[in-house]
Number of protein chains: 2
Amino acid sequence: MPSKVVGILGGGQLGRMLAASASLLNIKVIVLDVGVDAPAKQIVASPSHIDGSFRDKEKILELASQVDVLTVEIEHVDVEALETVQKSYPNVSIHPTPSTIRLIQDKYLQKEYLSKCGCPLGPFQAIEATPEGITYAAKELGLPLMLKSRTMAYDGRGNHVLRSTDSQSIVTAIESLGSGSRKLYAEKWVPFVKELAVMVVRGLDGTVSSYPAVETIHRDNICHIVWAPFRLRNIDEDPTLPTKAEQVAKEAIKKAFEGAGVFGVEMFLLENGEILINEIAPRPHNSGHYTIEACESSQYDNHIRAILGLPLGSTRLKVGAAGMLNILGSSNDVASKSTTSSSSLTFSDDTLVNELTHIALRTPGASPHLYGKGQSRKGRKMGHVTIVGSSSAEVRERMSPLLTCLAELEGGSQNDQHSSSINPHLLGYSHPHPLISIIMGSDSDLPTMLPAAQILAKHFPSIPFEVTLVSAHRTPLRLMNFARTAAARGVQVIIAGAGGAAHLPGMVASSTGVPVVGVPVDSKSVSGGGGGLGGVDAMWSILQMPRGIPVATVAINNSTNAALLAVRIVSAGQPQLVSQMEEYLRTLGKEVESKVDVMNDLGWAQYRK
Amino acid sequence: MPSKVVGILGGGQLGRMLAASASLLNIKVIVLDVGVDAPAKQIVASPSHIDGSFRDKEKILELASQVDVLTVEIEHVDVEALETVQKSYPNVSIHPTPSTIRLIQDKYLQKEYLSKCGCPLGPFQAIEATPEGITYAAKELGLPLMLKSRTMAYDGRGNHVLRSTDSQSIVTAIESLGSGSRKLYAEKWVPFVKELAVMVVRGLDGTVSSYPAVETIHRDNICHIVWAPFRLRNIDEDPTLPTKAEQVAKEAIKKAFEGAGVFGVEMFLLENGEILINEIAPRPHNSGHYTIEACESSQYDNHIRAILGLPLGSTRLKVGAAGMLNILGSSNDVASKSTTSSSSLTFSDDTLVNELTHIALRTPGASPHLYGKGQSRKGRKMGHVTIVGSSSAEVRERMSPLLTCLAELEGGSQNDQHSSSINPHLLGYSHPHPLISIIMGSDSDLPTMLPAAQILAKHFPSIPFEVTLVSAHRTPLRLMNFARTAAARGVQVIIAGAGGAAHLPGMVASSTGVPVVGVPVDSKSVSGGGGGLGGVDAMWSILQMPRGIPVATVAINNSTNAALLAVRIVSAGQPQLVSQMEEYLRTLGKEVESKVDVMNDLGWAQYRK
């Protein structure tokens, strides 16, 4: 029999998913929240669940008397009660520790403390909730200015962006932030280019490990989409960014917080590559939902393991990529729109929630989660969908119908950059999330390299690729950036065509761990090229790489074979491609066989190619 | 609000995992089983669970009155009651249909029906439970003979292997099979080389799809281990076997059964490549547990989707490979052995169950599942562990400590062929589950190709490889078999070394979709080789492949680079290898830099290599 019982303060969706992980290990869970059917209580049969608020001291003590470990799914709990538990029930461990929760509850104190610990943060200051206080802060930190409640602020509640210091704007700001009843602080506007998040887990023994860095997209300050892993989009970016984000997050948890469990670290990525910490949550986090389907152990598994003193599970991504879309309650006008669903099963009175769930059920690789919350309200987190796939491109393509539905049901006003479902290959453009990158030193090589793009687009339309110019001799820095960012951009094979001295493939291979396929180009027609050598010059240059740095060389000018080789290489991560390639080989065979028939019919003397 | 309620007959582990899938969609579940804390009831809070037997007609009717859909987690239910439900509650759908359950309950009728439907089966016949009946069957079908109860037989109960027709053996057989109280039938002993299983799912609209074929290993007729996907071990096997197994399973379900839901199809693979159906279960199955962590939608997700008329989820494997180990209750003598676990948390009074759980928690990629069954008994299914990994080799390595523990706690008598944890590379042998295959036409090429194996073993010990001989000209059939089975054996890259005419790499590439790296060998020292051409002969032969069939050619004799290229290729499925390769590139750089220092110290005139 399991010898430990876990008490969870809060019975929302995070508590629900924690309880699901606990039940895998047959760990008993008791939930404290108002009502008998809070989301977490629905999926754990326990006569001992407590009906009451996680801010109610008496109820917290009642819970403590029945459990071995206390944890939270929300940080807005009664910390004093937890401190009493520490004294009255010394055998009950509490994770995160009450002191950590107290610190996190006041966002200003949290920032001040993180800053003292040496964590990277943007400028911020405490302010009075008065016109003078706000005006002063705006002078100090500039406009726009982020005004925040120090406490009870989450999912956009308690945040206000001040764009002007005219008196009307300031009055509105004060009103929206509790009319002076709450303590405020101001943050200098951080001109971020992306928001990142990293889930960190610390074991009872102090071991700290992190999940991969992910990109988060917020709408109205609420988490909207998560893309995992975080991929660079641009060869000018720092290729170590994903690792850096993980390091920043791990360091913050190591330096600043005690206690076991998972921590959600939200960060800003600035244009110059700087990473600043935005906020830290001492519990499972919306940006880590994707770990249930996408990682070897989920954030919920690891939180349960950590607080029970068990070994931490692997945080490795087990799929090529994943995406997460929150399903939020919609407003009434959306709910009244007609639905396209043909199924008789209704998951929610909220049309949007119902429609998104049905679309998710039709989407390969999608796992819809509905939290069992009673009433849908605009902006309420009703569920989420996680999508897994073998590549970022596949995940985005799978996500596309969901985003299209969202945009349509919300009136088409939302011009969501993430919802485009057109395959750019059809228009002859590069894919933004390529697995194969086709590069060449000069546009004069394009006619030779074009068949590579063409055969991919025609026979293997599911494989995203890009085509661009990178010259070893004329853009050596671009070459280095290209090579060093390839893996972080998700590229799995590079095809490099080059003629003459043909340094491109080998130089790229020397700066990346990604496999490079070299196409020797016969550059006789190119001015300054090695006219008359028939590509043999380039061939030797590409082929005879020194021990240590391989280039996969194909026949002179045979970019078709380079593309087919690239497809075979990608199949190491997508086994279904092997059978597609074998099917392609059969079509080659059939072509020859049909010519055999013609030759038999016509006779060899009459046969013309 | 969800508009449908699912009733499950049976509250064991299969019901528990079905309920967990239902809760993701917020589908209400009511469980019928004896007791208030059956495994499935523990994880679904519902005041309406019914305390009673799934063979109790009244209780079944009571359940039917509260649900929209009825399903089963065990086929030994009261079918008459279900038929009454069909009449009395025409709006309640029942999946599988009562007629399917009735057919499955009697294994003899099941076989007879499958045989009529044209499914491949071994010989069998109904027999009298008398010495005469058994002797007659033994004469007809030969020895050893498989005797089975027609009904209520599962997990080895109701099976008896008759090895002799002496009177004592026959008496023992009759006694062990209910002493004449049960109907029996006999199956001709099937000399299978492997057992396979395929989970098939049919939607309400008739759509049928299957999960990948898996290999199952039984002990005492109880499922012990599942390896997914099923991999060939031998180049002489039929490369289409995995697909054939899936086809046989899908055809059986399409032809023989009605109703929606998942079906577990257990099969025998014979030495000659023939596949025979053993048994079919009309419900989630032990051999499909692995789908929870390893597939895009699990068998439980898909059963719930199917019976509710929702679209089926993708059955694709989302990880490289997976393994499943059942955790069975142990006998008392095992339970009394001392444990090695240092953790204070006890998961079970049964030492074996507790130890295996603790080891699983320490194993990366392992997800332990404990079912919450009260008392452990020898052979009782108490839980299972699923292990995922990027390759079959990684999964087996991760599984190894669990199998070792099992063997030790069971007294070391179990010489389990699956528990070997020694990496064969250390001894200079091929790995049985290679990702990279190094082949060459002749042992005279071995000195040239050896550096490939050496650099893999030294710098990339986590990548399993094999080294063997395949000659294009002397073993053309072996070449074809090798190439055609490569993908089905799990090989992700082939390195082929060849000199002179050097047909090996190109001919291999023409019969597989797996990428082939060609190493031109300078065969001057080989008798009959192209002496004097310095490997250029082989180089042209390997490089100048026709459009359609690429070979990745590396420098003459540079098998080191072929191996390093193979590592880069494998990294398409194991992104962590890219950083390992980049680390390797840095060591190459450091080597040069240290020489720079020496040259500076000594001066260039004094410098000696």
Complete set of residues in the stretch B:205-222 that are crowded, with 20+ Cβ neighbours inside 10 Å and modelled with pLDDT under 95: none
Some residue of the stretch B:165-179 being over 25 Å from B:A281 (Cα atoms), charged (D, E, K, R) and either over 31 Å from the mean Cα position of the chain (by Cα) or not in a loop (DSSP other than H, G, I, E, B) (or both): yes
Unmet requirement for B:L543, which otherwise passes all of (1) facing chain A (nearest Cβ under 8 Å); (2) under 34 Å from the mean Cα position of the chain (by Cα); (3) surrounded by 15 or more Cβ atoms within 10 Å (Cβ to Cβ): (2)
Residue in the stretch B:83-102 that is acidic (D, E) and touching a residue at least 24 places away in the same chain (Cβ under 8 Å) present: no
Odd one out for B:E582, checked against (1) under 32 Å from the mean Cα position of the chain (by Cα); (2) not assigned by TED's automatic domain parsing to the domain that holds B:P461: (1)
Residue match in the stretch B:565-585 (condition: crowded, with 24+ Cβ neighbours inside 10 Å, out of contact with any helix residue (DSSP H, G or I) (no Cβ under 7 Å at 6 or more places or on another chain) and facing chain A (nearest Cβ under 7 Å)): yes
Single condition B:T404 does not satisfy, out of (1) modelled with pLDDT of 90 or more; (2) over 30 Å from B:R202 (Cα atoms); (3) within 12 Å of chain A (Cβ to nearest Cβ): (3)
Residue check, B:P311 in the same structural domain as B:L196 (by TED's automatic domain parsing), surrounded by fewer than 24 Cβ atoms within 10 Å (Cβ to Cβ) and at pLDDT 95 or above: yes
Residue within the stretch A:441-451 that is buried (at least 24 other Cβ atoms within 10 Å of the Cβ) and either more than 20 Å from A:S541 (Cβ to Cβ) or within 29 Å of the chain's Cα centre (by Cα) (or both) present: no
Residues being over 19 Å from A:V467 (Cβ atoms) and within 7 Å of another protein chain (Cβ to nearest Cβ) - total across the stretch A:550-564: 3
Wholly within the stretch B:239-314, helices (runs of 4 or more DSSP H) carrying at least 3 residues that are away from chain A (no Cβ under 14 Å): B:241-256
Scan of the stretch A:360-405 for residues that are in contact with a Gly (Cβ under 7 Å, 6 or more places away or on another chain), under 15 Å from A:S330 (Cβ atoms) and not in a loop (DSSP other than H, G, I, E, B), ordered by number: A:L370, A:M382
Spans of strands (runs of 3 or more DSSP E) in the stretch A:5-83 with at least 1 residues under 28 Å from B:D349 (Cα atoms) and away from chain B (no Cβ under 14 Å): A:5-9, A:69-72
Filter result for A:G513 (modelled with pLDDT of 95 or more and within 12 Å of chain B (Cβ to nearest Cβ)): yes
Every pair of residues 6+ apart whose Cβ atoms lie under 6 Å, when the first sits in the stretch B:215-226 and is without any contact (Cβ under 8 Å) to a residue 60 or more places away in the chain while the second is surrounded by 15 or more Cβ atoms within 10 Å (Cβ to Cβ) and among the basic types (K, R): B:E215/B:K194
Within the stretch A:516-537, considering residues that are surrounded by fewer than 20 Cβ atoms within 10 Å (Cβ to Cβ) and of a type in the set (A, V, I, L, M), the one modelled with the highest pLDDT: A:V536
Residue match in the stretch A:516-536 (condition: under 24 Å from A:S390 (Cα atoms) and under 37 Å from the mean Cα position of the chain (by Cα)): yes
Residue count, the stretch B:98-120 (criterion: buried (at least 20 other Cβ atoms within 10 Å of the Cβ) and either within 21 Å of B:R202 (Cα to Cα) or assigned by TED's automatic domain parsing to the domain that holds B:A249 (or both)): 9
Selected residue (only one of B:A256, B:A252, B:A260, B:A306 is hydrophobic (A, V, I, L, M, F, W, C) and closer than 30 Å to A:E296 by Cα): B:A306
Residue in the stretch A:136-158 that is on the phi < 0 side of the Ramachandran plot, of a type in the set (S, T, Y), in contact with a Ser or Thr (Cβ under 8 Å, 6 or more places away or on another chain) and assigned to a loop (DSSP other than H, G, I, E, B) present: no
Test: residue in the stretch B:85-96 that is among the hydrophobic types (A, V, I, L, M, F, W, C), buried (at least 22 other Cβ atoms within 10 Å of the Cβ) and within 35 Å of the chain's Cα centre (by Cα): yes
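The values are calculated or read from the model by the stated rules, or taken from the named source; none is laboratory data. Predicted model, so just to flag it, every value in this text is computed and none were measured. All Cβ positions, even for glycine, are placed from backbone atoms using ideal geometry, and neighbour counts span all protein chains on display.
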